[in-house]
Amino acid sequence: MKSYIISNFKSNPFLKTLYLQIFLFFLLIQIRSCFSSSPTPFIFPLKTQILRSPSKLQFQHNVSLIVSLTVGTPPQNISMVLDTGSELSWLHCNQTTRDNQPDPTIFNPNQSTSYKPIPCFSPTCVNKTQDFPIPPSCDSDNLCHATLSYADASSSDGNLASDTFHLGSSGNISGLAFGCMDSIFSSNADEESKTTGLMGMNRGSLSFVSQMGFPKFSYCISGSDLSGLLLLGDSNVTWLTPLNYTPLVQISRPLPYFDRVAYTVQLQGIKVSGKLLPIPKSVLVPDHTGAGQTMVDSGTQFTFLLGPVYNILRREFLNQTAGVLRVLEDPNFVFQGAMDLCYRVPLGKTRLPNLPSVSLVFTGAEMVVSGDRVLYRVPGEIRGNDSVWCMSFGNSDLLGVEAYVIGHHHQQNVWMEFDLEKSRIGLAQVRCDLARQRFGVGL
């Protein structure tokens with residue numbers, strides 16, 4: 001039988017052609033799999049820093065997640081705020097140095113041989129900026145000019161450019177587009193000068209993760225020392241608790257109050273100590289204008305709920321803490337302009353009493369906020385012999401924000417995976433300090 005097949009193959013041109021086509025087909029599959037494989041994962045340490053960077057919300061004190069890396073040729077040290085709620089990454093640029101010494105909070109494009117400004121008629125400027133809140137313009141040098149503005153009246157503007165971003169010893173990414181902002185207006189420049197810029201991580205064309213081509217990224221923030229890690233790419237770890245996934249909500253048509261490139265999930269309800277609150281389903285879905293979407297945002301510290309939902313949560317939390325915590329009776333004090341349920345806790349008290357947990361229920365997943373994370377101690381606020389703690393959920397109506405925003409304070413000790421390929425977010429409770437040790441990430 002074997003000799004028959006060999007002799008038939010040699011004498012039959014049709015069989016030769018067929019076998020050759022099959023061989024080339026499988027070879028092509030192998031080649032495609034090699035070239036379409038995901039980029040090598042990169043791991044960065046995350047640290048927190050109290051600053052008041054240009055924010056979507058009117059923060060007076062804001063704890064931000066900071067990523068440190070180098071940019072340019074030769075490399076310049078920079079630090080960027082990790083922001084899943086923004087698209088354009090940007091750096092504070094200046095073409096001069098102070099006393100001929102490099103400033104770690106400023107990127108100098110003149111000192112980078114790989115820096116390239118982007119013309120306003122380039123495909124990047126014309127085709128990839130469609131989701132910018134303010135469309136880019138053409139400056140006097142025919143360069144692509146971007147302007148960013150925020151709810152707290154902060155703003156920054158400058159030119160789009162590209163340069164090489166160095167991702168540690170694992171590799172370099174050349175030609176990454178970002179905003180080189182030479183004009184930054186803020187009411188608190190001293191705080192903003194602590195970082196070089198912002199790393200935009202939403203689903204827009206020019207976000208950092210989109211340009212890198214990673215199918216997913218993850219981060220984890222410790223609840224003890226607020227350190228953490230950022231992982232670009234697939235984690236592929238066996239020790240991680242299985243994730244619960246919630247799909248991203250996508251609306252293709254433009255709506256005035258709907259951010260199409262945000263990480264929008266469907267909030268289905270809220271529980272307090274396991275009790276499901278009587279919240280009408282209609283107020284948890286975006287309306288015909290797009291108002292009412294639920295965004296997961298690492299660039300925002302706290303969680304903000306639309307007025308009707310916030311008031312229901314506030315009332316139930318107040319009832320369940322009656323006799324346990326002493327309410328701050330000061331109608332004029334509203335922390336962050338949106339948190340009006342605050343308590344007085346004696347300064348000598350080292351531990352808070354047992355507090356009701358608050359669970360955010362999404363389609364297919366749940367985020368449980370428990371322990372001290374339900375409250376937040378207001379920095380520097382003292383009333384007599386008491387410190388002031390406020391419920392860490394705010395009323396977004398008071399900020400003029402037509403959305404639910406899930407901030408990073410409630411993402412502590414939660415493995416957060418953003419799966420762009422499958423349009424979903426995965427969550428799992430995990431000790432993020434131990435996860436950082438497992439990955440060998442130091443600070």
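The values are calculated or read from the model by the stated rules, or taken from the named source; none is laboratory data. Note that the coordinates shown come from a computational prediction; the quantities given were computed from them, not determined experimentally. A quick note on method: Cβ atoms are made from the backbone with ideal geometry, for glycine too, and the neighbour counts reach across all protein chains shown. SASA here: full protein model, heavy atoms, side chains in, ligands and nucleic acids out. Shrake-Rupley method; radii C 1.70, N 1.55, O 1.52, S 1.80 Å.
Being more than 19 Å from GLN429 (Cα to Cα) and either open to solvent by 20 Å² or more (accessible area, probe 1.4 Å) or touching a strand residue (DSSP E or B) at 6+ places or on another chain (Cβ under 8 Å) (or both) is the filter here, so list the residues in region 204-224 that pass it.
Answer for region 204-224, where residues must be more than 19 Å from GLN429 (Cα to Cα) and either open to solvent by 20 Å² or more (accessible area, probe 1.4 Å) or touching a strand residue (DSSP E or B) at 6+ places or on another chain (Cβ under 8 Å) (or both): SER205, LEU206, SER207, PHE208, VAL209, SER210, GLN211, MET212, GLY213, PHE214, PRO215.
For the condition open to solvent by 30 Å² or more (accessible area, probe 1.4 Å), under 23 Å from the mean Cα position of the chain (by Cα) and assigned by the TED database to the domain that holds TYR404, GLY337 qualifies. Of all residues in region 46-77, those satisfying the criterion of being modelled with pLDDT of 90 or more and open to solvent by 10 Å² or more (accessible area, probe 1.4 Å) are SER68, LEU69, THR70, THR73, PRO74, PRO75, GLN76, ASN77.
Among the residues of region 407-427, none qualifies, meaning not one is free of Cβ contacts under 8 Å to residues at least 60 places away in the same chain, closer than 26 Å to VAL67 by Cα and in a helix (DSSP H, G or I). The single condition from (1) open to solvent by 10 Å² or more (accessible area, probe 1.4 Å); (2) under 29 Å from GLN211 (Cα atoms) that ALA403 fails is (1). Meeting the requirement of 1 or more residues that are open to solvent by less than 10 Å² (accessible area, probe 1.4 Å) and under 20 Å from GLY200 (Cβ atoms), the strands (runs of 3 or more DSSP E) wholly within region 225-272 are 228-232.
A quick yes/no check of all residues on (1) within 15 Å of LEU313 (Cβ to Cβ); (2) at pLDDT 95 or above; (3) of a type outside the set (A, V, I, L, M, F, W, C):
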| position | (1), (2), (3) |
| --- | --- |
| PHE333 | no, yes, no |
| ARG383 | no, yes, yes |
| VAL388 | no, yes, no |
| SER392 | yes, yes, yes |
| ASN395 | yes, yes, yes |
| ASN413 | no, no, yes |
| LEU420 | no, yes, no |
| ARG424 | no, yes, yes |
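The single residue among LYS349, LYS281, LYS275 that is open to solvent by 30 Å² or more (accessible area, probe 1.4 Å) and either touching a residue at least 40 places away in the same chain (Cβ under 8 Å) or of a type in the set (S, T, N, Q) (or both) turns out to be LYS275. Considering only residues in region 360-375 that are more than 21 Å from the chain's Cα centre (by Cα) and open to solvent by 10 Å² or more (accessible area, probe 1.4 Å), the one that is modelled with the highest pLDDT turns out to be SER370.
Looking only at region 201-224, count how many residues are part of a loop (DSSP other than H, G, I, E, B) and in contact with a Gly (Cβ under 9 Å, 6 or more places away or on another chain).
Residues of region 201-224 that are part of a loop (DSSP other than H, G, I, E, B), as a first pass: 201-207, 213-215, 222-224.
Keeping just the survivors that are in contact with a Gly (Cβ under 9 Å, 6 or more places away or on another chain) gives 201-202, 206-207, 214-215, 222-223.
Counting residues in region 201-224 that are part of a loop (DSSP other than H, G, I, E, B) and in contact with a Gly (Cβ under 9 Å, 6 or more places away or on another chain) gives 8.
Of the residues examined, VAL283 is one that is outside any loop (DSSP other than H, G, I, E, B), of a type in the set (A, V, I, L, M) and closer than 30 Å to GLU87 by Cβ.
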